[in-house]
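*Asks:* Could you have a look at this structure, given as structure tokens, before my questions?
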Amino acid sequence: MNVNVLDMQAPDFEEKFVTACRDIGAALIINHGISPDLIKSAYAEWLPETGGFFALSEDKKQAFHWRKQSKICDDPEVGFYPLGSELGSEHHNYNTGTKNENEYYHVKAGIPDSYPSAEGFDKTKELAEENKKFALKLLDILDRNGPSTEQAPYFGKLIERLSPDKWSTFRWLHYPPYDAPGNPEDDVELIKTHKDKGCLTTVVSPSTSGLCVEDRNGEFHQVPQIQGAIIAQIGEGLEMMSGNYYYAGRHTVRGKRKNLNKDRVSAARFWHFKPEVSLSDTITNGDMIEDYWRKKGLIA
């Protein structure tokens, strides 16, 4: 079982996508309709090599620290998260004392002040809109091909239950070149193994490879690197709502130390249900997200 490359224009795309979401919880999608030029232009607004946000000095980036931005935007997530500020996920033995090897910036498409500046980032905003259209197509497929009410009484109406943009975070991640000493052939885990919360994650064409996902049998597979492709991954909320019909695989970003000598940037969009949506008899999506926020120290 591998992470399949699926052509969204192929006649059997729907069938293969549903199978992938049940078996490994992820698929790499090509011919999805989003312009490669738009993706490239949006990345240029963030990439260090093109003078994007992550090329700024530490002092300038700190001016947009999430503790400041979250108060301006009245949202506990938006803003800049410095390198090493994120603890490892609770999904990997709590990763006691570990930190992820990245910095990132959270924007919310529906909150203008969440961007690093009032002017600019036009291509990022355009990509956010195109990415939303893409995600809605996928959710429609998952809804129509999902479990029965008997199998999963809380499943269904995925688009109707989707949250406004306030709860759907667009995370721009930057993994700087990794230069810690060690064996060049050793594997290095840049972000600790975890599951995404919420409904669905779409990752738009990371600048380099590295993402590895775990199938239902516990085996990890590296996602192929194809310029312009979009990775779709099932979130833990959808897994729970579907009664495990859809599978939210754990995943990580890793590579051999010798290959981690350049910047890596990726654009991950986390799609969430409305907070009041029930995922089970006892848990709402709001419960799940607020628990995540507390563990990350994000309650502003």
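Bear in mind that the values in this text are calculations on the coordinates, not laboratory data. Quick caveat: nothing in here was measured; it's all calculated off a predicted structure. Virtual Cβ from ideal backbone geometry, glycine too; neighbours counted across all protein chains shown.
*Asks:* Can you tell me the length gained on complete extension of the stretch Glu150 to Thr208, counting 0.36 nm per residue apart and subtracting the Cα distance?
*Replies:* Gain on stretching Glu150 to Thr208: 16.6 nm.
*Asks:* Could I ask something else about it? Note down the nm distance, to one decimal, between modelled labels 7 Å out along Cα→Cβ at Leu83 and at Asp7.
*Replies:* For the pair Leu83/Asp7, the computed spacing is 4.2 nm.
*Asks:* Then there's this: With a sphere of radius 13 Å drawn around the Cβ of Ser117, what net charge do the other residues whose Cβ falls strictly inside it have (Lys, Arg +1; Asp, Glu -1)?
*Replies:* Charge balance near Ser117 sits at -1.
*Asks:* Is any residue of region 151-193 close enough, with backbone N under 14 Å, to a label point placed 7 angstrom from the Cα of Asp287 along the Cα-Cβ axis, and if so, which?
*Replies:* Residues passing the 14 Å test: 154.
*Asks:* Sticking with this structure for a sec: Taking amide H atoms as placed 1.01 Å from N in the peptide plane, list the residues 5 or more away in sequence, or in a different chain, whose amide H sits under 5 Å from that of Arg269.
*Replies:* Arg171, Thr202, Val203, Val204
*Asks:* Take the alpha-carbon centre of region 196-213, take the same for region 1-78, and report the distance between them in whole Å.
*Replies:* Going from one Cα centre to the other spans 7 Å.
*Asks:* Which length gain, in nm to one decimal place, applies between Glu185 and Ile159 when the Cα-Cα distance is subtracted from 0.36 nm times their residue separation?
*Replies:* My answer for the length gained is 4.9 nm.
*Asks:* Could you work out the helix-only [θ] at 222 nm for the chain, with each DSSP H run of four or more residues adding -39,500 (n - 2.57) and the total divided by the number of residues, to the nearest 500 deg cm²/dmol?
*Replies:* On the way: 8 runs with 78 residues, N = 300.
Computed mean residue ellipticity for the chain: -7500 deg cm²/dmol.
*Asks:* Which trypsin sites (Lys or Arg not before Pro) in region 176-260 pass both tests, a DSSP loop state and at most 15 other beta-carbon atoms within 10 Å?
*Replies:* When the trypsin sites (Lys or Arg not before Pro) of region 176-260 are filtered for loop state and at most 15 Cβ neighbours within 10 Å, Arg216 remain.
*Asks:* Ranking Thr201, Thr282 by Cβ neighbours within 10 Å, fewest first, what do you get?
*Replies:* Thr282, Thr201
*Asks:* Ranked highest first by the average count of other Cβ atoms within 10 Å around their residues, in what order do 228-234, 78-84 fall?
*Replies:* 228-234, 78-84
*Asks:* By average Cβ neighbour count within 10 Å, what is the ranking of 175-182, 63-70 from highest down?
*Replies:* 63-70, 175-182
*Asks:* Which FRET efficiency value, to the nearest 0.05, do you get for Ala63 and Glu126 by plugging their Cβ-Cβ distance into 1/(1 + (r/R0)^6) with R0 = 22 Å?
*Replies:* The pair Ala63/Glu126 has a calculated efficiency of 0.35.
*Asks:* Quick one: longest stretch of the chain between exposed loop GluC sites (Glu not before Pro), exposed meaning at most 14 other C-beta atoms within 10 Å and loop per DSSP?
*Replies:* Here the longest run is 1-118.
*Asks:* Which of Gly198, Gly52, Gly25 moves the most in a Gaussian network model of the chain with Cα springs under 10 Å?
*Replies:* Greatest mean-square fluctuation among the candidates belongs to Gly52.
*Asks:* Which whole-Hz ³J(HN,Hα) couplings does region 34-47 yield from phi under the Karplus relation 6.51 cos²θ - 1.76 cosθ + 1.60, θ = phi - 60°, glycine and proline marked x?
*Replies:* 8, 4, x, 5, 5, 4, 4, 5, 5, 4, 4, 6, 10, 5
*Asks:* Can you give me the pair-distance distribution of region 5-296, C-alpha pairs, 5 Å bins, whole percents?
*Replies:* Whole-percent P(r) values from 0 Å outward: 1, 5, 12, 17, 19, 19, 14, 8, 4, 1, 0, 0.
*Asks:* Taking amide H positions as placed in the peptide plane 1.01 Å from N, state which residues far from Thr208 in sequence (5 or more) or on other chains have amide H under 5 Å from it.
*Replies:* Under 5 Å from the amide H of Thr208: Val265.
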